[in-house]
1. Scanning the range 183-205 for residues that are over 16 Å from the mean Cα position of the chain (by Cα) and hydrophobic (A, V, I, L, M, F, W, C), which turns out surrounded by the most Cβ atoms within 10 Å (Cβ to Cβ)?
2. Just checking, how many residues over the range 278-333 are of a type outside the set (Val, Ile, Thr) and part of a strand (DSSP E or B)?
3. Show the residue pairs meeting these rules: Cβ distance below 6 Å; 6+ apart or different chains; first residue within the range 310-324 and in contact (Cβ under 8 Å) with a residue 24 or more places away in the chain; second residue charged (D, E, K, R) and more than 13 Å from ligand 2 (Cβ to nearest atom).
4. Here are Arg150, Arg164, Arg193, Arg201: which of them is touching a residue at least 40 places away in the same chain (Cβ under 8 Å) and more than 16 Å from ligand 1 (Cβ to nearest atom)?
5. If Ala317 satisfies all but one of (1) more than 16 Å from ligand 2 (Cβ to nearest atom); (2) under 16 Å from Asp413 (Cα atoms); (3) of a type in the set (A, V, I, L, M, F, W, C), what's the number of the condition it fails?
6. Please find, among Phe22, Phe13, the residue that is of a type in the set (Phe, Trp, Tyr) and within 28 Å of Gly152 (Cα to Cα).
7. So how many residues does the range 243-271 have that are within 16 Å of ligand 2 (Cβ to nearest atom) and either closer than 26 Å to Leu365 by Cα or outside any loop (DSSP other than H, G, I, E, B) (or both)?
8. Look at Leu301 and say whether it is under 29 Å from Asp20 (Cα atoms), in contact with a Leu (Cβ under 6 Å, 6 or more places away or on another chain) and away from ligand 2 (no atom under 15 Å from the Cβ).
Amino acid sequence: MQQTLHLGQTLSFDGNPFHDGFAAARHEADGAVLVEDGRIQAVGPAAALKAAHPEAARIDHGDHLILPGFIDAHAHYSQTAIIASWGKRLIDWLNTYTFPEEMRFADPAYATAVAETYLDLNLSNGITTAACYCTIHPESVDALMSAAERRGMAMVAGKVMMDRNAPEGLRDTAQSAYDDSKALIERWHGKGRLTYAITPRFAPTSTPSQLAAAGALFAEHPDCAMQTHLSEQHEEIAWVQELYPESRDYLDVYESHGLTGPGAVMGHTIHLSDREWDALKDSGSGIAHCPTSNTFIGSGLFDMKRAQSLGISTGLATDVGGGSSFSMLRTMATAYEVSQLRGTALHPAELVWLATAGSAEVLRLEHDIGRLAPGQMADMITLDLASTPVIAQRMGRASDIWEALFATIMLGDDRAIAKTYIAGAPA
Ligand code: GUN
Ligand code: ZN
């Protein structure tokens, strides 16, 4: 089989820089990645890999930085067309913009068109995997999964379950959501590189019997992901307390219905009590941090320091279209700003780790994606570290890779993504 040697700067992580410091980072200024049959065979200094593999085809990326593809731990592909909708907080934003748009996904042709646009936007922003909420319509899952399968992508996605507090035409039932999700798991989970995510939208739009059905499904399919929203806005939290008066707190609603544990991905988790933080940690659930959404919808400031000090798996997410950008660079920049407002400056190594290996771990895909390392799939991007005039002039003062990378994180967008590869093939 043909081997390809990608030459450029390389950066990846052996461990979590929040815990292991910068010893976890592997940077080669003159590096190489050897790819064969869609997987990474070796990573190291260019001179050594060129000498060891003289027959390999070579692609010279110059001084561009080769990174693992970005992994978006939480997004709504069905909200692509309503990104950047003005002036609402969460509940009004859902009712005004989101639910009317999600109704349109009853039409499979519309769902397919948006799925293709969404994946194009992801790839041009260097996102090679995303965990997606679809809509209540099974056809919306078929549209995204088949488009992702054609592109060879490792997508994670599921049908939204919603049987109350949503308009007519956008509600299923506990039983139909269970039956439709089960059929979709059989159709898509493990096909190609796809993972099914059991997807009760959030506690307010499910009855207790629907959450119980979702919990039963998760117990029957423990290797599926489970994704939902937790503790995003104060009004939402008060509403959950009204709807579930017997629950100790918001997380308890999910705990008591079997919706926590390894593979469970909680979006947002901004306003947690001490009990919820500890219970989240004890459960082994993960967190998807959605910083551009949290500032755009006015939700609040996520406590990254606490999540990391508790050792809770945490990844980075766009939350398109509550999130205001498809760019993982913009998402990292906003994560930096949100943490600054809480008194912690995240290091560029921590930001890149969150967007790659961190998100892979939350989705339990770390054996396959998220790092440049032998055995990992060759889902990779190359970053131009001087993609615009303002970044290029700032690079003149950068004294090391971290300073250079930080300028692109704070100032870059899709113009910085020079190439995106899925399983070694240009996307
Ligand atoms: N909570 C329930 N549904 C949604 C959604 O679509 N976006 C966001 N940001 N929060 C939610
Ligand atoms: Zn969301």
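1. The selected residue is Ala203.
2. Residues that pass the stated criteria total 6.
3. Leu310/Lys281; Ile312/Lys281; Ser313/Glu361
4. When all the criteria are applied, what remains is Arg193.
5. If we test Ala317 against (1) more than 16 Å from ligand 2 (Cβ to nearest atom); (2) under 16 Å from Asp413 (Cα atoms); (3) of a type in the set (A, V, I, L, M, F, W, C), just (1) comes out false.
6. Selected residue: Phe13, the only one of Phe22, Phe13 that is of a type in the set (Phe, Trp, Tyr) and within 28 Å of Gly152 (Cα to Cα).
7. Counting residues in the range 243-271 that are within 16 Å of ligand 2 (Cβ to nearest atom) and either closer than 26 Å to Leu365 by Cα or outside any loop (DSSP other than H, G, I, E, B) (or both) gives 10.
8. Judged against the criteria, Leu301 is a match.
Bear in mind that the values in this text are calculations on the coordinates, not laboratory data. What you see is a predicted model; the values in this text were computed from it and never measured. Every residue, glycine among them, receives a Cβ derived from its backbone with ideal geometry; neighbour counts consider all protein chains shown.
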